[in-house]
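Working notes for the structure below.
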Amino acid sequence: MARANRGRTLVVGAKVYDGKVDRRSFYPHAIGVDLFEGEGVDLVHDLEHPLPAEMGQFDHVDCVSVLEHCQRPWLMAQHLEDAMRAGASILVSVPCVWRMHAYPSDYWRILPQALQVLFPRVRWQITGVLTEGR
């Protein structure tokens with residue numbers, strides 16, 4: 001299984017909902033970004049737009065259950081790639097088949113091959129695909 005690079009981590013969709021874990025706690029040097037203010041959020045920002053230049057670049061990006069909620073995930077993916085240092089790692093988890101869960105909205109279902117299209121500069125190591133019945 002691929003491991004997260006040590007160093008600065010960008011946690012995308014960082015707002016903590018319904019008693020879920022603050023994903024920043026998984027990383028020693030994490031910054032949480034979300035569309036909405038709340039617990040776990042250090043910067044309110046729409047990643048369909050580039051991060052502010054003063055944010056610098058990151059050694060790891062954690063993007064779990066976010067891309068399906070982005071109206072234009074190709075823009076978010078481009079801005080995440082731009083925020084990654086050379087050799088950075090990225091953790092992406094997205095549903096392929098899942099019930100609609102509309103907060104803030106639910107736009108997309110993304111297959112593993114789509115990740116390769118969305119993030120063309122990332123060398124992917126797909127560590128698992130859950131299928132119905134498992």
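The values are calculated or read from the model by the stated rules, or taken from the named source; none is laboratory data. Owing to the predicted nature of the structure, the values given are computational and were not obtained by experimental measurement. Note that we place each Cβ from the backbone using ideal geometry, even for glycine, and neighbour counts take in every protein chain shown. The area values use the complete protein model at the heavy-atom level, side chains included, leaving out ligands, DNA and RNA. Shrake-Rupley method; radii C 1.70, N 1.55, O 1.52, S 1.80 Å.
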inquiry  = Would you confirm whether or not the range 79-87 contains a residue that is under 19 Å from A4 (Cβ atoms), open to solvent by less than 30 Å² (accessible area, probe 1.4 Å) and in contact with an Asp or Glu (Cβ under 9 Å, 6 or more places away or on another chain)?
reply    = yes
note = Considering residues that are open to solvent by 60 Å² or more (accessible area, probe 1.4 Å) and either β-branched (V, I, T) or modelled with pLDDT under 80 (or both), the number found within the range 97-119 is 10
query = Of the numbered conditions (1) at pLDDT 95 or above; (2) in contact with a strand residue (DSSP E or B) (Cβ under 6 Å, 6 or more places away or on another chain); (3) hydrophobic (A, V, I, L, M, F, W, C), V66 satisfies every one except a single condition; which is it?
reply = (1)
Condition broken by V122, with the remaining ones in (1) at pLDDT 80 or above; (2) within 26 Å of K15 (Cβ to Cβ); (3) in contact with a helix residue (DSSP H, G or I) (Cβ under 6 Å, 6 or more places away or on another chain); (4) assigned to a loop (DSSP other than H, G, I, E, B) satisfied = (3)
query = Residues A4, A14: which one is in a loop (DSSP other than H, G, I, E, B), open to solvent by less than 30 Å² (accessible area, probe 1.4 Å), touching a strand residue (DSSP E or B) at 6+ places or on another chain (Cβ under 6 Å) and among the aliphatic types (A, V, I, L, M)?
reply = A14
note = For the range 73-87, pairs from a residue that is charged (D, E, K, R) to a residue that is part of a helix (DSSP H, G or I) and crowded, with 16+ Cβ neighbours inside 10 Å, with Cβ under 6 Å and 6 or more apart or across chains, are none
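Given the residues A77, A83, A30, which is the only one that is under 21 Å from Q125 (Cβ atoms) and touching a strand residue (DSSP E or B) at 6+ places or on another chain (Cβ under 6 Å)?
Values: A77 fails: touching a strand residue (DSSP E or B) at 6+ places or on another chain (Cβ under 6 Å); A30 fails: under 21 Å from Q125 (Cβ atoms).
So the residue among A77, A83, A30 that is under 21 Å from Q125 (Cβ atoms) and touching a strand residue (DSSP E or B) at 6+ places or on another chain (Cβ under 6 Å) is A83.
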task = Would you point out which residue out of P73, P28 is loosely packed, with under 14 Cβ neighbours inside 10 Å and either at pLDDT 95 or above or not small (G, A, S) (or both)?
result = P28
request  = Return a yes/no flag: does the range 36-48 have any residue that is modelled with pLDDT of 90 or more, open to solvent by less than 30 Å² (accessible area, probe 1.4 Å) and within 19 Å of V122 (Cα to Cα).
outcome  = yes
query = Any residue at all in the range 87-100 that is outside any strand (DSSP E or B) and small (G, A, S)?
reply = no
